1. If each of MET695 and ASP577 carries a label point 7 Å out from its Cα toward its Cβ, how far apart are those two points in nm?
2. Obtain the nm distance between the two label points defined at GLU47 and ASP611 by a simple spin-label model: each point lies 7 Å from its Cα along the Cα-to-C-beta direction.
3. May I ask which residue of ALA79, ASN68, TYR37 lies farthest towards the positive end of the charge dipole of the stretch 37-101, with charges of +1 (Lys, Arg) and -1 (Asp, Glu) on Cβ and the Cα centre as origin?
4. Placing +1 at every Lys and Arg Cβ and -1 at every Asp and Glu Cβ, with all other atoms neutral, what dipole size does the stretch 385-522 have around its Cα centre, in debye to the nearest 20?
5. For ASN745 and ASP36, compute 0.36 nm times the residue count separating them, minus their Cα-Cα distance, and round to one decimal in nm.
6. Which Rg and Dmax, in Å, describe the Cα atoms of the chain?
7. Ranked by accessible surface with a 1.4 Å probe, highest first, in what order do TRP182, TRP632 come?
8. For the stretch 477-532, state the average projected area of the convex hull of the C-alpha atoms over all orientations, rounded to one decimal in nm².
Amino acid sequence: MSRTKKITVWVGGVLLVVVLVAWAFIHNIAVKGLPDYNGELKLTGLENAVTVYRDAHAIPHIYAQNENDLYRAVGYTMAQDRLWQMDLMRRATQGRLSEIFGIDLWKTDLQMRSLRITDKSAMVWDSTSADLKTAAQAFAEGVNTYIDSHLRKLPIEFTLLGYEPEHWEPQHSFNLIGYMAWDLTLPWSTEVVLAKLTEKLGAEMVQELVPNIPDYESVVYDGFHLDLSKTNIQAALWEATQPLYDLGLEVFQGSNNWAVAGQKSVTGQPILANDMHLGLFAPGIWYQMHVSIPGKLNVTGLALAGAPFIIAGHNDAIAWGMTNVMVDDMDFYEEKINPDNPNQYEFNGKWVDMEVRDEVISGSKGEKRTETLRFTHRGPIISAFKGIPNRAVSMRWIGNEYSNEVRSVYLLNRARNWDDFTNAARTFISVSQNLVYADVEGNIGLYCSAGIPIRKGDGLGIKPGWTSEYDWQRMVPFEQQPHVYNPPEGFVSSANNKSAANDYPYYISHWFDLPHRIDRIREMLRDKEKLSIEDFKEMHADNHSKLVEEYRPGVIAALTALKDLNSTEEAALANLDSWNGNMDADAAAPAIWEQWYLELMKNIFHDEMGDSLYKEFINQRLSPKYGIDHIWKMGNSIWCDDVNTPAVIEDLTTNIQHAFRAAVVKLSGEMGANVDGWKWGDIHKLTLNHPVGSMKILDKIFNLNRGPYRVGGSYHTVGPYSYNFNRPYDVTDGASHRHIFSTANWDDSQTIIPTGESGIPASPYYCDQTQNYVNNVYHNDFVTRDLVEKNAKFTLNLQP
């Protein structure tokens, strides 16, 4: 062999060794956190043996003989799959993200600390029953047993970010109340943009963007009427709104739930469906789990990573699910600050001391930053967070009020009937939900379990903070909140729409979702005399748009009036004209429609708002939708005129036509001039992003993100795949699960989630349900032990 060949072989061998060593190193980092689902191990603190069966999707079915053992095993099992996600959510609630992601997140941490979530958890913990505390303590000890025994086998994120998890404390599970309450809060996202628009354009124009709720007839609790003749309520309903101000973060996007009674069911017994709409990412927010104490407890459904109880699901007697009420549960107040003492504010003619906290925020490299938070009796001064200069604006938020959602879900897990259900629901206050109900005795119902503040006026705008006149007086009593039980039509349903009829004496919100989803749900519920589980699956996947149904005749009329369409425009119009209104992934019309709608928004609003305000405005989805809907119903608006063409006064028809032409140009640039080749799913895609997957090199090496998947539907269909108007058409949120519960035979129940049971990217159960989710394919949710054992893929025996 020649010298050159020897060198080449030697270099090649060295490179191969380097590659193999690098691969082994990377592989070890990726897989070292994978748990063992089989075998036997001793779990400190157990009184009796516990068995954990896992099915083909690695969903745990945990059998114990007492509650202490059960929740200790739940903690250990959940930590096997979701330890880093649990830690991430804990850090978010504590305002400690900078410690792992870097000091650049100090503003986020400071804002989260201003919410005082940990203070709320301590308050709730002090008033919690002994049984619940014992369960939470056992859960924490189970988590900590896993942490202590796996410090050398932690999930990949701990290695990549260079830290180890701290021990879990029982109150950390209670912190998740604050996390969910914040994610579901509405005004924080909406009114600040309206405030800026008011300053720029005046109240008259902005008023057209605020929903006139009495105009919308589809209500959740149709037929519910409340007689307050014996009470002393002085609430004014639908008062004129003040100029609107506020601030912005992320919004919970929506949900669907419904149930039919036996008279509407092919089984002769109730069937219940639920799909809560949240952000779609990996790992997903929900942890599927079935827990059982034979003869005492048998409950299955969804748990939140970090909490021991089933949040939505069923036991042997009842099933329940949730949708957001969309309550206006946050108010803002302009404070007068003492010019001689910045830590005092005026209240009812006196200077009152603020609570002042100096917060030290630590970075991942040891940096420290000290910031000051100030609180009035209502809550934090938040103006600095959202760029409101030279003013002190405080916030009162439902998340700081007393509630005990942990108690609620603990009792829901054990409820046997409607009375138990409503007793559990009464402490759902900070996390306001429409709770749907069905039971084995044939009953169905729906209850608005919410913290609805009683205050002067309707909560819109910034109120004077120097007087108690606009302070919250109290909450609407639980018994007076809208509810329905065994309605004569044989079904109940909700989809974040208007809660109650116009004669309901309390203000709930302006920011309900438009009625397109609820109208379609009720249309499908009425279409058949009796419905089955398969019918419910089709309803979950339904992508027929009532918005299209309502608007399309006007669109076609406006476009038909155009006489100079080019060939591509003619083909696009013909496509819309023959369309059935279904948002199918392989159809062209949905793409044309969605792009037309975006262009219509831009044509109507951008010229008055300008770039910056327009982006803020469309970033929160409710106001733009209500603005367009108001203009559509009115037939015209001052917004329709283009201020950049003073010689011409444009009307709604002109805007429809201009938007269509712009949409055709846009889609032609993306998908070519042949309209027959346009497919909605080619531009409308779902990618499940991991929290550290934005670093491309890490994603490529460790396969953190999954997708993209072509999808149909949209934010206005029952089967939702929603997107941010500023970043079309990447799907950001949708059904975070789909559940169908059969009270006739619980083992017939069906479920699916968008991701998988494991939060570890190297696990085969990380996103093993995703393709089925996209295809609307479900899996069984067995609760009978012989079926659980028969279908078990793994068995882990936990011994004392």
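1. The modelled label-to-label distance comes out at 5.6 nm.
2. So the two model labels end up 6.7 nm from each other.
3. The residue sitting most towards the positive pole is ALA79.
4. Its charge dipole is roughly 560 debye.
5. Gain on stretching ASN745 to ASP36: 252.0 nm.
6. That works out to 27.5, 105 Å for Rg and Dmax.
7. Order by accessible area, largest first: TRP632, TRP182.
8. 5.0
The values are calculated or read from the model by the stated rules, or taken from the named source; none is laboratory data. Quick caveat: nothing in here was measured; it's all calculated off a predicted structure. Backbone-built Cβ (ideal geometry, glycine too); neighbour counts: all protein chains shown. Accessible surface is based on the protein model in full, side chains and every heavy atom, while ligands, DNA and RNA are left aside. Shrake-Rupley method; radii C 1.70, N 1.55, O 1.52, S 1.80 Å.
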